[in-house]
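Here's the structure we're looking at; comments come further down.
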Amino acid sequence: MVCENALALSKNSHWMFDQGLWSISDDLTVLVAISQFAEDHPGGTLLVRLAGQRLMLPDEEHLWPDPAYVAWHRSKKFLGA
């Protein structure tokens, strides 16, 4: 089975991705729509702290997110600049 458009995300990360609060750059780093929301979580990792960090990816490049789907998400869903 080949999956061209898969990301293993937690429930919250998936929801935020679907809402366009974060996306992925062409170099597979995290983009965050910082101006679109405020976050506060005592003791937790804030999404804004992940901005610019590279995704944790499998060793096999064919399992990485498809660049076409990543570009689509950025242009159609991402709320950031």
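A few remarks follow.
- Sole exception among (1) within 18 Å of Ser75 (Cβ to Cβ); (2) assigned to a loop (DSSP other than H, G, I, E, B) for Leu9, by number: (1)
- Once region 23-54 is narrowed to residues that are touching a Phe, Trp or Tyr at 6+ places or on another chain (Cβ under 8 Å) and β-branched (Val, Ile, Thr), the residue that is nearest to Leu9 (Cα to Cα) is Val30.
- Within region 65-81, the residues that satisfy the criterion of being surrounded by fewer than 15 Cβ atoms within 10 Å (Cβ to Cβ) and at pLDDT below 95 are Asp66, Pro67, Ala68, Tyr69, Ala81.
- Looking across region 12-54, the residues that are assigned to a loop (DSSP other than H, G, I, E, B), touching a strand residue (DSSP E or B) at 6+ places or on another chain (Cβ under 8 Å) and among the polar types (S, T, N, Q) come down to Ser25, Gln53.
- Failed item in (1) surrounded by 12 or more Cβ atoms within 10 Å (Cβ to Cβ); (2) acidic (Asp, Glu); (3) within 11 Å of the chain's Cα centre (by Cα), with Asp18 passing the rest: (1)
- Test: residue in region 10-18 that is among the polar types (S, T, N, Q) and in contact with a Leu (Cβ under 8 Å, 6 or more places away or on another chain): no
- Filtered by the rule that a residue be modelled with pLDDT under 95 and under 14 Å from the mean Cα position of the chain (by Cα), region 27-50 gives Ile34, Leu46, Leu47, Val48, Arg49, Leu50.
The values are calculated or read from the model by the stated rules, or taken from the named source; none is laboratory data. Keep in mind that what you see is a predicted model, and the values were worked out from it rather than measured. Heads up, the Cβs are rebuilt from the backbone with ideal geometry, glycines too, and the neighbour counts pull from every protein chain shown.
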